[in-house]
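Before any comments, here is the structure.
The values are calculated or read from the model by the stated rules, or taken from the named source; none is laboratory data. As the structure is a prediction and not an experimental result, all values here were calculated from the model. Heads up, the Cβs are rebuilt from the backbone with ideal geometry, glycines too, and the neighbour counts pull from every protein chain shown. Heads up: the accessible areas ignore ligands, DNA and RNA and are worked out on the full protein's heavy atoms, side chains in. Shrake-Rupley method; radii C 1.70, N 1.55, O 1.52, S 1.80 Å.
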Amino acid sequence: MMPHRQVRGKIRYTSKKPEMLDQERGREWFAFTHHGDGSTILRAQCEIEEPAPTVLRDIIYSVGPDGSPRNLHVHLTVGDTFMGSGWFDVKAGPDGGIIECESFGPSIGRLSQVVRFDGAIDALGTHPIIADAFTTRCMDLSKGPHRRTIRAYLPSPDHRGATPPMAVEVKIDLEYVGEESVTVTAGTFACRHFRFVDASDGGMGGTTHPHYDLWVTADADSIFVQGGVGGYMQTWYELVELDR
């Protein structure tokens, strides 16, 4: 037998806009590979049909045994046209580190970045919904319901992640709300309720991101179960398939 453990599933994207209420607007397939040393590889494919232009994203994201980000590959197609491909490598220590990015896209050409950072970072923000749930593992649940600012580097500050890959720092508040039982198409799950809140002065990507509530399995896998974004986005997401 292979020594690693696999988790696979699918998330359905729907709309809460009155003119598209509960209509499917996209979907996401994901797979986790959990290795015996505690490290994890996340693979995800995301399709966004609405709003136009369409977005197709493929990512491979590596996280170390301590939960710290290691590396990320992103391939992005927008409106059925190649937007860009990028690879990010994180070398971090107790007092900081560097992120190296090698990226290419028709609008940016070949891009090489070396970004130095002080202190610690919580995640690479990869944009798949499943990765948002996995990022909540950085919260200290022993403190009970609380909010703190998390620090991430994203391949795109755009709210849909629909710009050529390059390393951009984003700070956003993450709130642990509490525990609830949630029933979705994939089943009934004991969940932890979290909320992303964009409290920054300039907003994420220059525009304030609406509040984003999500319910995540109350276990070490931290799998997305359901969630939605309010404001101008009016989106909803639901786990419809799970194999683990």
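Structure values in brief
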quantity	calculated
Backbone N within region 136-160 under 15 Å of label point (7 Å from residue 20 Cα along the Cβ vector)	159-160
Hydrodynamic radius (Kirkwood) for the chain, which is based on Cα pairs only, to one decimal in Å	18.3
Accessible surface, per residue, of region 35-88 when the full set of protein chains is kept, probe 1.4 Å, Å²	44
Candidates 11, 130, 121: whichever shows maximal mean-square fluctuation once the chain is modelled as a Gaussian network with Cα springs under 10 Å	121
Cubic angstrom per residue, convex hull over Cα atoms of region 6-112	129
Cα-based equivalent ellipsoid, region 76-162: semi-axes from gyration tensor eigenvalues, Å	28, 18, 8
Cα-based reach from residue 91 at 16 Å (exclusive), listing aspartates and glutamates while leaving out same-chain residues under 8 positions away	66, 100, 102, 118, 122, 169
Rg ratio (alpha-carbon, reference 2.2 N^0.38 Å) - region 1-65	1.45
Sum of -39500 (n - 2.57) over DSSP H runs of 4+, divided by residues of the chain (222 nm, nearest 500)	-500 deg cm²/dmol
log₁₀ of I(q)/I(0) at q = 0.10, 0.16 Å⁻¹ - region 106-244, Debye sum with one point per alpha carbon	-0.36, -0.88
Size of charge dipole - region 35-124 - debye, nearest 20, with Cβ of Lys, Arg +1 and Asp, Glu -1, no other charges	240
Residue-normalised accessible area of region 153-238, expressed per residue, 1.4 Å probe, Å²	38
Candidates 85, 107, 39, ranked by Gaussian network fluctuation over the chain, Cα under 10 Å, top entry	107
Accessible area of the chain belonging to carbon and sulfur atoms, whole % at 1.4 Å probe	51
Prolate/oblate/rounded label for region 135-188 (Cα gyration tensor, a/c 1.5)	oblate
In Å², nearest 10: area of residue 181 left accessible to a 1.4 Å probe	90
Residue 22 - accessible surface, heavy atoms, 1.4 Å probe, Å² rounded to 10	90
Exposure ranking of 177, 78 by accessible area [1.4 Å probe, largest first]	177, 78
Residue with peak Gaussian network fluctuation, the chain [Cα springs, cutoff 10 Å], from 43, 116, 137	116
Cβ-Cβ FRET estimate between residue 1 and residue 100, R0 fixed at 41 Å, reported to 0.05	0.70
